[in-house]
Amino acid sequence: MPEAVIVSALRTPIGTAVKGTLRETTAFDLAHHVVEATTKQLETDAPVDDLILGEGRYGGGVIARHAAITAGLTGVPGLAHNRHCAAGMAAVQTAAAGIRSGMDRLVLAGGVNADSTGPKARFRVGPDEWVDPWTSPSHPDRTDAPNLDMSITVGWNAAVKSGITREELDAWALRSHRNAVAAIDEGRFDDEVVPIDTPFGRFAVDEHPRRSTTMEKLASLKVLHPEIEGFSITAGNAAGANDGAALLTVASDELGLPALATIRSWASVGVDPADTGLAPIEAITKAARKAGISLSDVKLFEINEAFASVPIATVRALDLNPDLVNVNGSGCSLGHPVAATGARMIVTTVHELRRRGGGLAIVAMCAGGGMGSATVLEVAAP
């Protein structure tokens, strides 16, 4: 069976939605940019078998096929993936499955998200009645798990069930910002970020991390639901709304291309929607078991900070060393361009693991509707 190896891993800088540098850049533009940059890096005559992009909240269609055409890959089909927050990760996993089955040899896979320019949907509920704007629900609505309020369904529920305090949430968010700013300042993202020209100039550096934030500033923020006693979720300890794209080239090792990493295993799980923020616990455990590894063997983890409670809960449940988790920041700082985040996390983890001399890493996240997903990566020692 061929191994699925990653031979390139790129992303755009992450923009802050609506007010940021990518506010007039469409998902089609972002996808084109990372596809074009990736194909320029490829040093092979092997044809690209498929282009798979996680996408969501962009009106349907197949952005991947659109990007294939604009990038000159007319003979490459496109596939739209949606597993909510894990859509970009699912794209990479699907690419790896095609490679390992022998059906494909070279696949471009990632995700794209443009909250700033996303279209608005309408939903007809009667002959002349419309919900406008309308958001497709991730699961049936429930009081304990509102389908359109993830601050309760994910953030608050995970905090309550794991006994996490407001101070702990804010401290994790502050750590996230500090880690992201340090990564930017030390050039750790230089090999993965491909700058993009926008109507507001050339955009080259993630703009969501806040250099000036402090525990005092985070503590001063109002909770999102003051009517709920003890509520601890704020804009400061939650991920932002963001724009960005990420793309990886996943290839068969039989092509002999220089490999950045090998995709060892992956797993996705479903849980009760009220436990969405705890889903990475099961996903990580399942993916590690499939890879035949112990969590003590893992050198790096990235667990998406949709809310700070998610990685904290996972660290506690699995007894992980927090110093190995989100070393370059994550959702609270870098941001959460939803359909692209899973791929962005893999991109960043591959490059960081290589800087650290190789080893195993696990990238994991929860996803709307009571889902979680995880991917195990390995970088060979030099």
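The values are calculated or read from the model by the stated rules, or taken from the named source; none is laboratory data. Note that the coordinates shown come from a computational prediction; the quantities given were computed from them, not determined experimentally. Positions of Cβ are generated from backbone atoms using ideal geometry, with glycine treated the same way; all protein chains shown enter the neighbour counts. To get the accessible areas, we keep the full protein, side chains included, count just its heavy atoms, and leave off ligands, DNA and RNA. Shrake-Rupley method; radii C 1.70, N 1.55, O 1.52, S 1.80 Å.
What to note about this one:
- Per-region count, segment 57-81, residues part of a loop (DSSP other than H, G, I, E, B) and over 22 Å from the mean Cα position of the chain (by Cα): 7
- The set of residues in segment 69-101 that are under 16 Å from ALA46 (Cβ atoms) and either crowded, with 17+ Cβ neighbours inside 10 Å or among the charged types (D, E, K, R) (or both) comprises LEU73, VAL76, ALA95, GLY98, ILE99.
- Counting the residues of segment 2-24 that are open to solvent by 10 Å² or more (accessible area, probe 1.4 Å) and out of contact with any helix residue (DSSP H, G or I) (no Cβ under 6 Å at 6 or more places or on another chain) gives 5.
- Only a single criterion out of (1) open to solvent by less than 80 Å² (accessible area, probe 1.4 Å); (2) modelled with pLDDT of 95 or more; (3) not in a loop (DSSP other than H, G, I, E, B) is not satisfied by HIS208, namely (3).
- With respect to the stated conditions, SER373 is under 26 Å from ARG142 (Cβ atoms) and not in a helix (DSSP H, G or I).
- Within segment 219-262, being open to solvent by 60 Å² or more (accessible area, probe 1.4 Å) and charged (D, E, K, R) holds for LYS222, GLU227, GLU229, ASP253, GLU254.
- Those residues of segment 38-53 which are farther than 18 Å from THR12 by Cα, open to solvent by 40 Å² or more (accessible area, probe 1.4 Å) and either in contact with a helix residue (DSSP H, G or I) (Cβ under 6 Å, 6 or more places away or on another chain) or charged (D, E, K, R) (or both), in sequence order: GLU43, ASP45, ASP49
- Among the residues of segment 141-195, those that are touching a Leu at 6+ places or on another chain (Cβ under 7 Å), open to solvent by less than 50 Å² (accessible area, probe 1.4 Å) and closer than 24 Å to VAL315 by Cβ comprise SER151, ALA158, ALA159, ASP170, ALA173, LEU174, ALA180.
Yes/no per residue for (1) farther than 24 Å from ARG356 by Cβ; (2) open to solvent by 20 Å² or more (accessible area, probe 1.4 Å); (3) not in a strand (DSSP E or B):
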| position | (1), (2), (3) |
| --- | --- |
| ARG264 | no, yes, no |
| THR276 | yes, no, yes |
| ALA279 | yes, no, yes |
| LYS290 | no, yes, yes |
| LYS299 | no, yes, no |
| VAL310 | no, no, yes |
| ALA317 | yes, yes, yes |
| LEU320 | no, no, yes |
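- Flag not set for THR348, criterion: assigned to a strand (DSSP E or B), open to solvent by less than 10 Å² (accessible area, probe 1.4 Å) and touching a Phe, Trp or Tyr at 6+ places or on another chain (Cβ under 9 Å).
- Near pairs, Cβ below 9 angstrom, 6+ apart or cross-chain, from segment 226-246 (farther than 12 Å from HIS336 by Cβ) to any residue that is of a type in the set (Asp, Glu) and crowded, with 22+ Cβ neighbours inside 10 Å: SER232/ASP170; THR234/ASP170; GLY236/ASP170; ASN237/ASP170; ASN237/GLU305
- When GLY56, GLY60 are checked against the criterion of being at pLDDT below 95, crowded, with 21+ Cβ neighbours inside 10 Å and not polar (S, T, N, Q), GLY56 stands alone in meeting it.
- Residues in segment 98-136 that are out of contact with any Asp or Glu (no Cβ under 9 Å at 6 or more places or on another chain), more than 20 Å from THR375 (Cα to Cα) and either of a type in the set (S, T, N, Q) or part of a strand (DSSP E or B) (or both): 11 in all.
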